[in-house]
Amino acid sequence: MDLKTVIAQQAERYDSFYLYDERCILEHTERLKRGFPQVEFLYSLKCNPDPHVIRSVFAQGFGADAASLGEVLLAEEAGLPKEEIFFSAPGKTPGELRTALSKSNIIADSLGELELLDRLSEELGTVTSVGVRISPSFSFSGGPGLPSKFGIDEDQLYRFLETSPLSHIEIAGIHVHLRSQELRAPALAAYYENMLALAERVRKALGHELEYVDMGSGMGIQFSPKDEPLDMEALGRAAGGQLDSFKEAHPGTRLIIEVGCYAVGKSGVYAAKVLDRKVSRGVTYLILKNTLNGFARPSVAHMVSRFSPEADPAPWEPMFTCRDAFQIQTLKDEPPCEEVTLVGNLCTATDVIAEGLSLPRLDRGDVVVLTNAGAYAAVMTPMQFASQERPAELFLTADGRVLG
Ligand SMILES: Cc1ncc(COP(=O)(O)O)c(C=O)c1O
């Protein structure tokens, strides 16, 4: 059964819903595993913690990149052991750290957090292996390091290691994440090269091998039809040699890459029914169920376009990618015949997805479908606004069942 038929069937039950297609998730996770046989992948739960999505990705051998204690617990509930769960976030509370210590690899985000972890381990009478998130001396584009709210500046870490040896923690791994949504394979390969050099510097400063080098994310998906998709095979070839050499020199060190959007971003669509149609002073409005409060990013993209004079405003992931990041489709095979303004059913005028859009004629009960709704979609949407009914989240399994 094709996706349009499944959407039409579900639209008989739901006025607005996400549909995540497992076949698409499997295509993307397979591509990653084929491209990078030397690497372990973590799924960044923050981008889509739907329980079926999580289990589908974990079933492909992925571990968890958890950005909160809540995500550590979700990964644990889904069956992952401590070794496969990495907890990295700024501003963790002592209570969260205490609970997470036995359930995950904790990655300290600051020198203060390293000291806190040392105290907590002392209280527990243990020595804990922890990771450190580093803000490296290079930027993603290869220039000097930039100020960041994330991690410990690389040079500060080395000074700290010289002067403040902590007795109840051991630094076992490093984590860096500098960028999302990169489509250029050579830029990612150059970043991995810088990461491996950083790992060598930290290993020397510590005086022992690292258990893991977590290189964060970076791999992007095609949002705009103008985007050239990331060539995963070319990236695998470009980065493979250096990753293989590192593994040969340090066979006990796990090389890790995190992915959110790449794994699941293309798998989701958002469907919203037309609730009403009206013409006001020559403008045709289609009022949809749950737009800003169902899938916020298309409305945000429209808002940025409205206020930015630039043709291509700079992205600010994951809130804004580009003007045409979400394609607007219908279930009708007819050609466009009218220009419409697509708005939502909230009591605010800012709830607009598109103005002057050419579509086939749509009436009450017809369905509008938005693409690229698998990542940073439901989770980034203020669904509580005006106490409206929330969209459903549905999962289409690889063998064709729809799970709610
Ligand atoms: C530390 C970290 N890792 C991984 C990701 C996932 O990024 P993406 O969805 O672009 O793969 C993010 C996204 O914000 C992040 O902050």
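The values are calculated or read from the model by the stated rules, or taken from the named source; none is laboratory data. For clarity, every value in this text was computed on a predicted model and none was experimentally measured. FYI the Cβ positions are ideal-geometry reconstructions off the backbone, even for glycines, and counts take in every protein chain you see.
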Quiz item: With respect to the numbered conditions (1) out of contact with any Leu (no Cβ under 8 Å at 6 or more places or on another chain); (2) in a loop (DSSP other than H, G, I, E, B), which one is the sole condition not fulfilled by Thr348?
Solution: (1)
Quiz prompt | Meets criteria (hydroxyl-bearing (Ser, Thr, Tyr) and touching a Phe, Trp or Tyr at 6+ places or on another chain (Cβ under 7 Å)) for Tyr212 | solution = no
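What are the residues in segment 161-189 that are more than 30 Å from Met232 (Cα to Cα), polar (S, T, N, Q) and assigned to a loop (DSSP other than H, G, I, E, B), if any? If you could, list the steps in order and put the result at the bottom.
Within segment 161-189, the first condition is being more than 30 Å from Met232 (Cα to Cα), and the residues that meet it are 161-171.
Checking the rest, the ones that are also polar (S, T, N, Q) come to 163-164, 167.
Listed by number, the residues that qualify are Ser164, Ser167.
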Practice problem: Starting from segment 158-184, take each residue that is surrounded by fewer than 16 Cβ atoms within 10 Å (Cβ to Cβ) and list its partners that are part of a strand (DSSP E or B), counting only C-beta distances under 6 angstrom and pairs at least six apart or across chains. | Solution: Glu170/Ser129
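Every residue in segment 174-189 that is more than 13 Å from the ligand (Cβ to nearest atom) and among the small types (Gly, Ala, Ser), please.
As a first pass, look at segment 174-189 and keep what is more than 13 Å from the ligand (Cβ to nearest atom): 184-187, 189.
Correct list: Ala185, Ala187, Ala189.
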Quiz item: Can you name the residue in segment 314-341 that is under 28 Å from the mean Cα position of the chain (by Cα), of a type in the set (S, T, N, Q) and surrounded by fewer than 17 Cβ atoms within 10 Å (Cβ to Cβ) and is also nearest to the ligand (Cβ to nearest atom) among such residues?
Solution: Gln327
Practice problem: Working only within segment 41-76, note down all residues that are in a helix (DSSP H, G or I), under 20 Å from Thr397 (Cα atoms) and out of contact with any Leu (no Cβ under 7 Å at 6 or more places or on another chain). | Solution: Cys47, Pro51, Val53, Arg55, Ser56, Val57
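Picking from Ser129, Ser88, which residue would you name as being touching a residue at least 60 places away in the same chain (Cβ under 8 Å) and either among the acidic types (Asp, Glu) or under 17 Å from Ser167 (Cβ atoms) (or both)? Before you say what the answer is, go through the steps one by one.
On the way: Ser88 fails: either among the acidic types (Asp, Glu) or under 17 Å from Ser167 (Cβ atoms) (or both).
Matching residue, one of Ser129, Ser88: Ser129.
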Quiz item: Filtering segment 13-69 down to residues that are out of contact with any Phe, Trp or Tyr (no Cβ under 9 Å at 6 or more places or on another chain) and within 13 Å of the ligand (Cβ to nearest atom), which residue is farthest from Thr381 (Cα to Cα)?
Solution: Ser44
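Take Ala249 and decide whether it is surrounded by 20 or more Cβ atoms within 10 Å (Cβ to Cβ), away from the ligand (no atom under 16 Å from the Cβ) and free of Cβ contacts under 8 Å to residues at least 40 places away in the same chain.
Values: surrounded by 20 or more Cβ atoms within 10 Å (Cβ to Cβ): no; away from the ligand (no atom under 16 Å from the Cβ): yes; free of Cβ contacts under 8 Å to residues at least 40 places away in the same chain: yes.
Criteria not met by Ala249.
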Practice problem: Could you list, in sequence order, all residues of segment 1-38 that are in a helix (DSSP H, G or I) and touching a Leu at 6+ places or on another chain (Cβ under 7 Å)? | Solution: Lys4, Val6, Ile7, Ala8, Gln10, Glu22, Gly35
Exercise. Being over 22 Å from Val304 (Cα atoms), under 31 Å from the mean Cα position of the chain (by Cα) and at pLDDT below 95 narrows it down to one of Ala386, Ala392, Ala349, so name that one.
Key: Ala386
